[in-house]
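Notes for the one structure printed next.
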Amino acid sequence: MNKLQYFFVLSIVSNFCGNSNLSYAQETQQNDIIQGPFKTSLYPEGKIYFVKENDATPDDRCQTIAFMLEYKQDRIVKKEKIDEYEENGGCVEVASVFFDKIHNKPYIFVMQKWEHSFPPAIQMGSDSYEIRAYTKNKEGKLVIDADVSADPNFEGIDGIVDDVNPERHYKYKTAADVKRYLKKKYH
């Protein structure tokens, strides 16, 4: 049964039972691709993409986002979850995915963004950012590079933090900004 047929049957059943309002979990299909797929030089026969995991509830509409790798090995298609991004004071969003090299080694960079919608830690309307860097380890597996990802410029806040602190402006909100920074620091 395809998605359209599923929703049609679900709609008929809901209407027959007297409830025409679908729940959020019913509206959001598990594993909807939200970014990608992207080809990567790290896996010539593979691709990366990002999916919503169906873990939202009526009380919490935020969904975890999974970073997925799909590739062929010995003629078999393999899928691996590389990482996941979760709610952190707001629903997580994959703001950007881009590719670059550090010391001639290929990397995948994922920029996460959270729009904060409730106090007290960060004022409403402020955004926080975090960038994670991934590459192959010695065993040939795609993993997070903890050293590069720990770069202090790979996270920040854009907006007002609280009543005492002045407004902050995060400098690396786009892939182009991060690539310029990478070129200065790591090349």
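Counting only residues at least eight positions apart within a chain, or on another chain, the lysines with an alpha carbon under 18 Å from that of residue 183 are 101, 105, 171, 173.
Inter-label distance, residue 167 to residue 81: 3.9 nm, where each label sits 7 Å from its Cα along the C-beta direction.
Spin-label pair residue 61-residue 150: with each label point 7 Å from Cα along the Cα-Cβ axis, the two points sit 3.8 nm from one another. In plain terms, if you count all Cα to Cα distances in segment 35-93 and split them into 5 Å steps from zero, the share in each step is 4, 18, 23, 19, 13, 10, 7, 4, 1 percent. Each peptide in 35-46, 135-146, 73-84 was scored by the mean count of other Cβ atoms within 10 Å over its residues; highest first, the order is 35-46, 135-146, 73-84. The length gained by stretching the chain between residue 139 and residue 88 to full extension, at 0.36 nm per residue less their Cα-Cα distance, is 15.2 nm.
FYI, it's all coordinate maths here, none of it is from the lab. Just so it is clear, the model here is predicted, and its values are computed rather than measured. When we count neighbours, we look across all protein chains shown, and the Cβ atoms used for this are built from the backbone with ideal geometry, even at glycine.
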